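Undergrad: Take this structure first; my questions come after.
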Amino acid sequence: MRTDYCGLIDGRYLGQTVTIKGWAHRRRDHGGVIFIDLRDREGLVQVVINPDTAEAFTIADSSRNEYVLEITGLVRARPEGAANKNLISGEIEIVATEIKILNTAVTPPFQIDDENLSENVRLQNRVIDLRRPVMQKNLRLRYRIAMLIRNYLDSRGFIDIETPMLTRSTPEGARDYLVPSRVHDGQFFALPQSPQLFKQLLMVAGFDRYYQIVKCFRDEDLRADRQPEFTQIDIETSFLNEHEIMDITESMAKHVFKEGIGVELTDFPRMTYADAMHLYGSDKPDLRVTLQFVELTDLMKTEEFKVFRSAAEMANGRVVGLRVPGGAALSRKEIDEYTKFVGIYGAKGLAYIKVNDVTKLTNDEHSGLQSPIVKNLSEAALKEIIARTGAIDGDLIFFGADKAKVVNEAIGALRIKIGHEKGEAGGYFAQGWKPMWVIDFPMFEHDEEADRWTACHHPFTAPQDGHEDMLDTNPGACVAKAYDMVLNGSEIGGGSIRIYREEMQSKVFRALKIDAEEAQNKFGFLLENLQFGAPPHGGLAFGLDRLVTLMVGAESIRDVIAFPKTQRAQCLLTDAPNSVDEKQLRELHIRLRQKAEVAAS
């Protein structure tokens, strides 16, 4: 039997004979003495095999990397100067007396300690990739975080209840993954995008405090922080208002960070959605970057400069400035690169002013301001720009002028990029963790193409008190009892108080142009049960994948998921999705259109 994990053999075992099992991470032959670093999920331990143990030495000599070995030996201190302080086992070594090869291994597709691997190679050989210490560490932390969350919620009276994986399709927002029914010809289940409606029904059923760590599915275009299947920490509770729910979940986040990675988060400041968009152009601002937007829309409505004035007078137009301390040192090449960058977000250009001398705020050749646009702005406007931004000599001001959506996305992204690239030296970037709440989201946003209102969060979110009457008259002005938890510019959780009265839910459906027949067809089971004494309730869902990604500092959530999909929603390990045979399709009453068209031709 194994005495302990390789990586946990330390000074406690000095002078003892131990048995360890694992993979040969590295084998070295030093002048007749063989060294094997044996690896398991806890780390490495160094094993010494001397020639005087002939059988063990012969087996060690024939062993290769990734062979599975069982080794018995005596634990002794490493020679003076040979300790490795980076390992728990770094002050000892095991002198082998017996070695067994439990299994051989072919040469792996890459070295386990190779850090320069393409993601496709890693995902094609995911099993070997998961042997790498960084991946072992990531998945072990993921497990630990999940257990900390479970224990926290269990201790506060929350009950883990499973909800269905096969449910009805209620397309609102992202596309559903559909599952054809074999026994109901032409009908489909959908995989859940969220347990939203079931957890609300559990509140109606009287379970009061529910949670679930659950798989969810969305058939959507992917990015580095998205997967077609993802894990959600789902929480719902009755009889608490939004502030009490935020307090509970904020406390949970602090607990998990402290116990999980030894980080003590500060209290989370609360910022309204309107303020977040006004100051940062984002509903998930990265507060590590202290740069803020300065509103110039009103100022530019009276200027002759067409680029700024037309944006200021446009419906939903916006003009902002972004002061970059010390930014006058930016080269023209750097500014051109930033101009290309904002173009990704739809910006048509990137105007700027370098501030060389604030005592000369003119628009002629003697100006202390350096920019192609200075001559197009009045001296009064230039003075007001400097006053509002607080710019001093050596600073640079970037400008965004377009529809508010374009300005917010382009200059908001530029703010983050400059903050991360230049901010530490410039004093406007702070390392560490900056959590916050964004609250008071609008209930609806207008879909111009479809000419209808859509729900910003989901259609089951309750309006703020006093906003109910505006559902009929001015939906765009309605503010929701919704809240997002944001950390370092990433939304890690979102929630709301839910609608718990049938008449209010029906009213919201009407505002979304979901008529009574459609509402009954899609959500009749919810509307009917809301009439049986539904309690006030609300909740929040965290993305476990995204949370752990932030904790380990990974670039993609694929680095914290054991078997993830690519950005094209493929599993390179199993080559999924794949074709199925005609018999399976017939049983599911499915005929593929492409095959039928080929046959007809």
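The values are calculated or read from the model by the stated rules, or taken from the named source; none is laboratory data. Note that this is a predicted model, so its numbers are computed, not measured. In this analysis, Cβ positions are derived from the backbone assuming ideal geometry, glycine residues included, and neighbour counts consider all displayed protein chains.
Undergrad: Under 7 Å between Cβ atoms, at least 6 apart or on separate chains: pull out the pairs that start in the stretch 414-425 with a residue that is in contact (Cβ under 8 Å) with a residue 60 or more places away in the chain and end on any residue that is in a helix (DSSP H, G or I).
TA: Listed by first residue and then by second, the contacts come to Leu414/Tyr338; Leu414/Phe341; Leu414/Val342; Arg415/Tyr280; Lys417/Phe341.
Undergrad: Please state which of the following conditions Arg510 fails to meet, knowing it meets all the rest: (1) touching a Ser or Thr at 6+ places or on another chain (Cβ under 9 Å); (2) of a type in the set (Lys, Arg); (3) surrounded by fewer than 21 Cβ atoms within 10 Å (Cβ to Cβ).
TA: Every condition holds for Arg510 apart from (1).
Undergrad: So, one more: List the strands (runs of 3 or more DSSP E) inside the stretch 1-106, counting only whole elements, that have at least 1 residues being aliphatic (A, V, I, L, M) and free of Cβ contacts under 8 Å to residues at least 24 places away in the same chain.
TA: 33-40
Undergrad: Of everything in the stretch 329-348 that's under 23 Å from Leu279 (Cβ atoms) and hydrophobic (A, V, I, L, M, F, W, C), which residue is surrounded by the most Cβ atoms within 10 Å (Cβ to Cβ)?
TA: Top of the filtered list is Val342.
Undergrad: Step by step: first the residues of the stretch 210-264, then only those that are in contact with a Ser or Thr (Cβ under 8 Å, 6 or more places away or on another chain), farther than 17 Å from Leu141 by Cα and not aliphatic (A, V, I, L, M), then the one that is surrounded by the most Cβ atoms within 10 Å (Cβ to Cβ). Which residue is that?
TA: Per the criteria, the residue is Tyr210.
Undergrad: Right, next: Out of Glu445, Glu409, Glu424, which single residue is at pLDDT below 95 and under 23 Å from Ala311 (Cα atoms)?
TA: It is Glu445.
Undergrad: Can you tell me which of Asp286, Asp247 is modelled with pLDDT of 95 or more and outside any helix (DSSP H, G or I)?
TA: Answer to the check: Asp286.
Undergrad: Another one. Any residue that is in the same structural domain as Ala425 (by TED's automatic domain parsing), surrounded by 14 or more Cβ atoms within 10 Å (Cβ to Cβ) and part of a helix (DSSP H, G or I) - is there at least one of those in the stretch 311-319?
TA: Taking every residue of the stretch 311-319 in turn, at least one turns out to be in the same structural domain as Ala425 (by TED's automatic domain parsing), surrounded by 14 or more Cβ atoms within 10 Å (Cβ to Cβ) and part of a helix (DSSP H, G or I).
Undergrad: With respect to Thr72, is the statement that it is surrounded by 14 or more Cβ atoms within 10 Å (Cβ to Cβ), over 41 Å from the mean Cα position of the chain (by Cα) and among the β-branched types (Val, Ile, Thr) true?
TA: Considered against the rule, which asks whether it is surrounded by 14 or more Cβ atoms within 10 Å (Cβ to Cβ), over 41 Å from the mean Cα position of the chain (by Cα) and among the β-branched types (Val, Ile, Thr), Thr72 comes out as yes.
Undergrad: With the requirement that a residue be over 15 Å from Leu296 (Cα atoms), surrounded by fewer than 19 Cβ atoms within 10 Å (Cβ to Cβ) and out of contact with any helix residue (DSSP H, G or I) (no Cβ under 6 Å at 6 or more places or on another chain), what does the stretch 380-406 give you?
TA: Ile392, Asp393, Lys405
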